[in-house]
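Heads up: the structure comes next, in structure tokens.
A short reminder: the numbers here are calculations on the coordinates, not readings from a lab. The model shown is predicted, which means the values in this text are computed figures rather than measured ones. We place every Cβ from the backbone using ideal geometry, glycine too, and count neighbours over all the protein chains shown.
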Amino acid sequence: MECLTEPAEVRRWGQLRRCAGSTVGFVPTMGALHDGHLSLVRAARDACDAVVASVFVNPWQFGPGEDYQAYPRDLDADAAHLAEAGIDLLFAPAPEQLTPADATTTVSVGGLAQHLEGPSRPGHFAGVATIVTKLLAVVGPDRAWFGEKDFQQLAVIRRLVADLALGVAVEAGPTVREADGLAMSSRNAYLTGLQRRQALALSAALFAVAEAWDGDADWARDELTRRLTGAPGLALDYAEVCDERTLECLTGHVSGRARALAAVRVGEDHAPTRLIDNVALPARGDG
């Protein structure tokens, strides 16, 4: 595995592979890698001739008072995981390489970013979209992998790739969970033992709604809200049922595929941990 920090070097690396006829797969990450990230790496490894992964904690996607400084960082451990997973190149730029102080250009995705995570994290998706656009421009992959755990982010990236004609196939990897159902997340490391047990209410509520799903979006949203509002140690941020493609919030009877999405804050101290999760709600007749 090679490790590069300069965008120009990474760009040349990708150009050489593509000129040789190789397909290039890409997995962007913020590090603190767990098996959710590595499942995306394995999918890219299986599908492409050459695989690039990036580790970059993007300051532009963190709002005031969020956990940018505290976000877990261990590049040596991440590099070891990625080498074991068989990637060809690790791109680990310094902050000034992608977020220079004099930058004035950003990428906005409009309506997709205006609800769910949008109101709780102003500017978050502009930060995500801008850096993902830069990473795709530097790496130049044929295919790039993103996890369904961050389902709104996945939709945002699909939209920006289509709107900007970036020519990258956006691939989705399923949410990877712990044995007890908790979605794997780098932020799980913040949880105490008690908070870790309390956090299970998030996935449990989503699973219960999916199990009982009969196409009634209003019931599903109300039931998800009821379960999470009453869960000890959790503060509900939002609970919604959305169209799986457009992320439009749904009401009434739904015949197509939908997603139940929720965000909670775990812990009652001054710095609770914010967790998100979602599950698919199949179209009626899908089984």
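Return the equivalent ellipsoid semi-axes of segment 1-100 as a descending list in whole Å, where each equals the square root of 5 times an eigenvalue of the C-alpha gyration tensor.
Whole-Å semi-axes of the equivalent ellipsoid: 24, 17, 11.
So if I average 1/r over every pair of distinct C-alpha atoms in segment 186-278 and take the inverse, what Kirkwood radius in Å does that give?
Computed over Cα pairs of segment 186-278, the Kirkwood hydrodynamic radius comes out at 13.6 Å.
Can you give me the three principal axis dimensions of segment 2-173 from its C-alpha atoms, in Å, biggest first?
43, 34, 32
Express in whole angstrom the spacing between the alpha-carbon centres of segment 111-183 and segment 53-103.
Rounded to whole Å, the Cα centres lie 16 Å apart.
What list of ³J(HN,Hα) values in whole Hz, one per residue of segment 91-108 in order, does the Karplus curve 6.51 cos²θ - 1.76 cosθ + 1.60 (θ = phi - 60°) give from phi, with Gly and Pro shown as x?
Along segment 91-108, the couplings run 9, 10, x, 6, x, 5, 5, 10, 10, x, 5, 9, 5, 10, 9, 10, 10, 10 Hz.
Relative to the longest principal Cα axis of the chain, at what angle does helix 193-212 sit, 0 to 90 degrees, rounded to 10?
Result, in degrees: 70.
Which of the peptides 237-245, 111-119, 33-41 is most tightly packed, and how do the rest follow, judged by the mean count of other Cβ atoms within 10 Å per residue?
Order by mean packing, descending: 33-41, 237-245, 111-119.
Using R₀ = 41 Å, calculate the FRET efficiency as 1/(1 + (r/R₀)^6) where r is the Cβ-Cβ separation of Ala179 and His253; round to 0.05.
0.70
List every residue whose amide H lies under 5 Å from the amide H of Asp237, counting only residues 5 or more places away in sequence or on a different chain, with H placed 1.01 Å from N in the peptide plane.
Placed amide hydrogens put Ala263, Val264, Arg265 under 5 Å from Asp237.
Ala70 to Gln114: FRET efficiency via 1/(1 + (r/R0)^6), r the Cβ-Cβ distance, R0 41 Å, to the nearest 0.05?
Efficiency computed from Cβ-Cβ geometry: 0.90.
By the gyration tensor of its Cα atoms, with a ≥ b ≥ c the square roots of the eigenvalues, what is the shape of segment 83-162: rounded for a/c under 1.5, prolate for a/b over b/c, or oblate?
oblate
Sorted from fewest to most neighbouring beta carbons within 10 Å, what does the list Thr175, Thr99 look like?
Least crowded to most crowded, the residues run Thr99, Thr175.
Starting from the Kirkwood radius over alpha-carbon pairs of the chain, derive D by Stokes-Einstein at 20 °C in a medium of 1.002 mPa s and give it in µm² s⁻¹.
Rounded, D is 108 µm²/s.
Could you tell me how many degrees, from 0 to 90 and to the nearest 10, lie between the Cα long axis of helix 217-229 and the main elongation axis, the longest principal axis, of the Cα atoms of the chain?
The two axes meet at around 90 degrees.
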